[in-house]
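For reference, the structure is listed below as structure tokens.
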Amino acid sequence: MSGHESPGISGARGVPGDGRSGRRIRIAIAGNPNSGKSTVFNALTGAHQTVGNWPGVTVERKEGNFEYRGHNVTVVDLPGTYSLSACSLDEQVAHNYLVEEAPDGVVAIVDASDLKRSLYLVEQLLELGARVIIDLNMSDIARSRGIEINAKALSRILGVPVVTTTASKGSGIEELKRLMHDLVRAPRPAFRLDYGEDLEAAIARLTALVGANVAPAGITSRWLVLRLLEGERGEIHHVAAEKRAELTAALDETVAGLERHWGRDMGTMIAERRFAFLSGLERECVRQPPELVGRPTRSDRADRVLTSNWLGVPIFLLMMGLAFQLVFRIGTPLAGLVDRGFALLERLVVAAQGALHAPEWVSSLLAHGLINGVGSVLVFLPNIFILFLVIGVLEDSGYMARAALVMDRFMHALGLHGKSFIPMMMGFGCCVPAILACRTLESRKDRLLTILIVPFMSCSARLVIYTLFAAAFFPRHQGLVVFSLYLLGILLAVLTARIFRSFLLREDVAPLIIELPPYHVPVLKHLLRHAAFRSGMFVRKAGTIIAGAAVALWALAHLPWGVAYASQATVIGRVGTLLAPVFAPAGFGNWESAVSLLAGVVAKEVVVGTLGTLCGSGPGGLTSALHAMFTPVSAYAFMAMSLIYTPCIATIAAIRRETNWRWAALSAGYSLVLGWLVAVMIYQLGRLVVH
Amino acid sequence: MPLAEARVGMRARVCEIRAGRAIKGRLLGLGLVPGVEVRVVRRTRRGPVVVAREGCRIVLGTGMGERIIVEEQLENPDRAGPGQ
């Protein structure tokens, strides 16, 4: 076979194998989730890595590089996948990268403890025509089970280099680097799986029909035909346009004929043939002492407790409670520090204005508008950072998969996915990271649904409002009142899930199908790097929007020139007066409430701040002012409204980023209407009961 | 029998998977194809089932247990794969 038949493989970056100094070599790392892929990636690239997102999707993309003999090798960490079919977002990303960007080669991480499943992916890589190095990762599990693998035999049968590494100890990494460096000069793999007489005949017939010229140059027509047979009909765009109709007809006929002949579907048949081959390969290459086969591992013993039928749920709730304690016990004092920092900054700006004789509106814009507005959101950064750290621990330790398992049945009854529980729990802290956490859901509809219900979880910002009103109106039942609002939020989330599931997102819940990875001790360095990246995104995206909104609000509370700041005569005061009658049926038809709700869209705790500015000259004054404006019933209605109505801008922005404007608008509009309805209902019913 | 009715600890051979292409694809990736032998690790009434296939533990969420048809394997002479 000729090794360099596809000049497109490295594009304009140079001819493969010319060994010219400084040429960039691009190699992807592929492997199953939890196969030790990131450990190998870290061992290869050390600190030279960047984290970003794959274009257009919210799957994280890690890239790094290392120097080897004067060559710069770029390593792209593909999302962990079990196959290259396009079932999940991760698989699509991996597949598109390999086909469209055609890296110079692929390092396939193979977990020695489950060779067959790991090789299922390798087999697909080879079929795609990629130059592959197999990195046999000797995990602790494989070792403890006494598994031995004949790497030579594996290399001979598949026709690719095999290197054994223990990435955690760094052994085998130098050899892997050498193989990666040499890979561009290696010929294309000659591997070809025999699918059996009937299927091979069909493949030959269809391949002839496709012809030789498929684009891009990195793929082969045999691979394309197999993809089409597996049902990935979208791949037909690789074929010349004039042949497509004929090919589709031939495909339909072939698939129907063979399925009738076998009595089972094509996809299963192809997978079965692959697994049959891999089983044979496994028999050939793997040795394991019979007494160690099927012996329960340490993870199994831990799971007997952690996921047991009786203790699984209580332990999960305990873990979540603990996570919350961490987020708030450690995060809140730090948040206080940030808050004081911003207050200091504000005072500095005002002082500087005095010293520099700058116009007063400049310092007011900076201090009251920008610093105050942005500060009130960035205050939550410590909580969010710790939240991400805690989630990182849950993810990396392997517990997250168990949480989904123990909650699956309950969530299923609600029309939600087992994994939806995690974003919902996080929503009690802050909805922004909670919405980002919905990425872990594979099915688009499950993801959308979870994103829509997350804002009904009472986040820590709403707690600020509850605390103020509960203390003012229900001093003897504060805890109960606040708790009832948390319950109301959950109830509405469940109701919303039901409504949207039956109208807009009609589809059965995608069943939870996940692997329980063995438990790991997380690595602190990776946890910190990850949490920093995720919270950095929060600062950038939320910060820009909030800054704009804060300035706008400031301007509206000042204009027109000459009227008192934040009085009824200002633009915002007039808007409040205009809106107030809308809220009259809910019992709070005063302009101050309307303005504070409007301002609360910037961030929900701004509701309290605005009320303070508008009608309270000091904390004691605010309470008595509130008593003049609200009755206990209308106060409760107002709290319910604050919980339910349009989520804050940061949340809407997060929803937009994870979905699109239409869903963000739907979420904002739906919750506004729902909030109004619930508030009116509470006030009207409450009045009947009280009087 | 459906996997949902298998008892914990049972060795079972997968006979049939009644599901759409997307779900089947995910199961295939995890090595669950007809012919493969699994051990039932955890099962709850009408809840998820956990099976062990060689080294890996796979969660099959609520509702999946009814869609996977298995037969009990009484003898288990060696760990040879399903073959053909």
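Of the residues A:VAL601, A:ALA668, A:THR544, the one whose Cα sits farthest towards the positive end of the charge dipole of the protein assembly as shown is A:VAL601 (charges of +1 on Lys and Arg Cβ, -1 on Asp and Glu Cβ, taken about the Cα centre). Computed from phi, the 3J(HN,Hα) profile of the range A:493-503 under the Karplus parametrisation 6.51, -1.76, 1.60 (θ = phi - 60°) reads 4, 5, 4, 4, 4, 4, 4, 5, 5, 8, 10 Hz, with x in place of Gly and Pro. When the P(r) is computed for the range B:3-72, the part past 20 Å accounts for 14% of the Cα-Cα pairs. Using the Cβ-Cβ distance between A:ASP252 and B:ARG21 with R0 = 22 Å, the FRET efficiency computed as 1/(1 + (r/R0)^6) comes to roughly 0.90. Fewest neighbouring Cβ atoms within 10 Å first, the residues A:ASP135, A:ASP194 line up as A:ASP194, A:ASP135. Fewest neighbouring Cβ atoms within 10 Å first, the residues A:SER113, A:SER279, A:SER420, A:SER502 line up as A:SER502, A:SER279, A:SER113, A:SER420.
How high is the FRET efficiency from A:LEU334 to A:ARG178, r the C-beta distance, R0 51 Å, rounded to 0.05?
Values: r = 47 Å, r/R0 = 0.91.
Result of the calculation: an efficiency of 0.65.
Counted by Cβ distance under 12 Å from A:VAL110, the other residues give a net charge of -2, where Lys and Arg count +1 and Asp and Glu count -1.
For the protein assembly as shown, what is the mean residue ellipticity at 222 nm derived from helices alone (per DSSP H run of n ≥ 4: -39500 (n - 2.57); sum divided by total residues; nearest 500 deg cm²/dmol)? The helix-only estimate for the protein assembly as shown comes to -17500 deg cm²/dmol at 222 nm.
Across the range A:76-83, coupling constants 3J(HN,Hα) worked out from phi with the 6.51/-1.76/1.60 Karplus curve, θ = phi - 60°, read 10, 8, 6, x, x, 9, 8, 7 Hz, and Gly and Pro carry x.
Taking amide hydrogens as placed 1.01 Å from N in the peptide plane, the amide H of A:GLY105 sits under 5 Å from those of A:ALA28, each at least 5 positions away in sequence or on another chain.
The dipole here belongs to the range A:140-244: it is taken about the Cα centre, uses +1 on the Cβ of Lys and Arg and -1 on the Cβ of Asp and Glu, and is about 300 debye.
The range A:152-211 and the range A:348-362 have Cα centres separated by 69 Å. When only alpha carbons are used to place a centre, the range A:275-292 and the range A:369-441 end up 41 Å from one another. For B:ARG57, the residues whose amide H sits under 5 Å from its own are A:LEU516, ignoring neighbours fewer than 5 places away on the same chain, with H placed 1.01 Å from N. In this model, which of A:LYS445/B:LYS24; A:LYS62/A:LYS525; A:LYS445/A:LYS525; A:LYS177/A:LYS525; A:LYS116/A:LYS445; A:LYS37/A:LYS445 are farther than 27 Å apart at the alpha-carbon? Checking Cα-Cα distances, A:LYS445/A:LYS525; A:LYS116/A:LYS445; A:LYS37/A:LYS445 exceed 27 Å.
Most simply put, the protein assembly as shown has about 65% antiparallel DSSP beta bridges, counting only bridges with both residues inside it. About its Cα centre, the dipole of the protein assembly as shown is roughly 1100 debye, where the only charges are +1 on Lys and Arg Cβ and -1 on Asp and Glu Cβ.
Extension gain, A:PHE503 to A:LEU688: 0.36 nm times the residue separation minus the Cα-Cα distance gives 63.2 nm. To the nearest ten degrees, helix A:632-644 and the longest principal axis of the Cα atoms of chain A are 30 degrees apart.
Note on the protein assembly as shown: the alpha carbon radius of gyration divided by the globular reference 2.2 N^0.38 Å gives 1.09. The fewest-to-most ranking of A:MET411, A:MET320 by surrounding Cβ atoms within 10 Å reads A:MET320, A:MET411. Computed from the Cβ-Cβ distance with R0 of 25 Å, the FRET efficiency linking A:GLU101 to A:HIS526 stands at 0.45. Relative to the dominant Cα principal axis of chain A, helix A:606-615 is inclined by about 10°.
Amide H to amide H, with H built 1.01 Å from N, A:TYR68 comes under 5 Å of A:VAL73, counting only residues 5 or more places away or on other chains. For chain A, the longest principal axis of the alpha carbon atoms and the long axis of helix A:244-262 meet at an angle near 80°.
Our note on the geometry: Cα centres of the range B:1-69 and the range A:452-476, 44 Å apart.
Readers should treat all values here as calculations from the given coordinates under stated rules, not as data from a laboratory. Predicted model, so just to flag it, every value in this text is computed and none were measured. No Cβ is skipped: glycine too gets one built from the backbone with ideal geometry, and neighbour counts run over all protein chains shown.
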